[in-house]
Amino acid sequence: MEMRVIILGGGLVGLALAAALDSAGLTSTVIDPADPESRLNAKFDGRTSALSSSSKRMFDCVGISDHFPEPGNPIRVIQVSDGLLPGGLAFDPQEEGEPLGWMHENRHLRAALLARARAGEHIDLRYGTKPASIERNEFGVTVILDNGDVVKGALLVAADGRNSPMREQVGIRTANWRYNHAAIVSTLQHSKPHNDIAYEIFYPAGPFALLPMTDDRNGHRSAIVWSVHAKDAPGYLSLSDQEFAAEAQAAMGDVLGDIKMIAPRSTYPLGFHHAARITDNRLALIGDAAHGIHPIAGQGVNLGYRDAAALAQVLVEGARLGLDLGDAQLMERYQRWRSVDTMMVAMATDGLARIYGIPGKTASKVRRFGMSLIDRIGPLKQRLMDEARGNSGDLPLLLRGLPI
């Protein structure tokens, strides 16, 4: 049996897993029907992602960071408030050193991951094709592609997104629901520097997030992720740039001075899903195929990188012991390792979204009291900063910046 991992999905998380395996000498084949070059255009995905500090350590360790078109912008402070009312909470490490995270444009993440995969000695990229048939049995995995090619391996990894065809084919059930909200994303230019501060401004209709981006030749930039009622999203999209900027200015106050929109607006629905299990016979789920959470804390893609780091470590250590990469013991270890962490983060973000969605002055007073309490309790505040950095729980070696 060939000691190969077959990865369905060449997106952000699938390519991160391939890079992690390659760094330890394990071979993978990445299969994706898309044209990878089309994903590098801002029109394909104009969103940004907050890369947690632990995810950044993984990227550094396996060589992905070497390929960034630009280094990204550090997040050194996260300022949380209930609307524009006083009594907010600042997550500020108050020390030089590791930031809470890094902001990257998704197209730059994709470019770095793709360049790293193309440079990998043990990575076989198969874009522009998809499986025509998949067989998993006691002898291994056989994938016949729609172009007639046959790929054999020991383990199949589904990194094929929120609506994972592989997960559905296997019959793995998911808990899922919609929030009846939509996120509007765009980029704005502002007159005041952001000073590496991310703002999370909560309203009953949803949070308004301002995320610091690198300056360009025209000035200071920040990304916005604005959660609104789903019925209101088309109206916001129909506004002119000047009208939308005025609405955004009202929601964010004067924290960044005068603003103007410099990128098209796009919207996507907000929902929650969590797979009942993330393994099957010679199969593991990672990233959105396994879970999807509210973007309220910016942890969605980072959970996927934690999956990739944990699965890579399980497989590499198993290979060193001479085990079959699809061995049930290895799948059980991966299932145990990731199930608790993903469920805790998913429930925490869901709870935050619901708590901050309660309207009324009384609810606002309770939330602001809670924030002031957290601000005064050092260990609790530190724990939340550790969560933001991705430093909590049983961290895989790569997330600690250590090679497998």
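The values are calculated or read from the model by the stated rules, or taken from the named source; none is laboratory data. The shown structure was predicted, so the numbers you read here are calculated from the model rather than taken from an experiment. With ideal geometry, Cβ positions are generated from the backbone for all residues, glycine too; neighbour counts draw on all protein chains shown. Please note that ligands, DNA and RNA were not included when accessible areas were found on the heavy atoms of the full protein model with its side chains. Shrake-Rupley method; radii C 1.70, N 1.55, O 1.52, S 1.80 Å.
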Once phi for every residue in the range 144-158 is put through the Karplus expression 6.51 cos²θ - 1.76 cosθ + 1.60 (θ = phi - 60°), the whole-Hz ³J(HN,Hα) values, with Gly and Pro written as x, are 9, 7, 6, 9, x, 5, 10, 10, 10, x, 9, 8, 10, 10, 8
Any aspartates and glutamates whose Cα falls less than 12 Å from that of K260, other than same-chain ones fewer than 8 residues away, would be D241, E243, E247
Karplus-derived 3J(HN,Hα) from phi for the range 317-333 (6.51 cos²θ - 1.76 cosθ + 1.60, θ = phi - 60°), whole Hz, x at Gly and Pro, runs 5, x, 4, 5, 8, x, 7, 5, 5, x, 4, 4, 4, 5, 5, 5, 5
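Roughly how many percent of the accessible protein surface of the range 48-108 is carbon and sulfur, given a 1.4 Å probe and a whole-percent answer? Write down the numbers at each step before the final one.
Details: 1160 of 2410 Å².
Looking at the range 48-108 in its full context, I get 48 percent from C and S.
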For A328 and N176, extending 7 Å from Cα along the Cα-Cβ vector and measuring point to point gives, in nm, a value of 2.9
Checking rank on 60-67, 250-257, 312-319, with mean other Cβ inside 10 Å and highest first, the result is 312-319, 60-67, 250-257
Averaged per residue, the 1.4 Å probe accessible area of the range 193-253, protein heavy atoms only, in Å², is roughly 43
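Expressed as a whole percentage, what fraction of the accessible surface of the range 141-181 belongs to carbon and sulfur atoms when a 1.4 Å probe is rolled over the protein heavy atoms? Spell out each step's value before the answer.
Working: 970 of 2120 Å².
Carbon-and-sulfur percentage of accessible area, whole number: 46.
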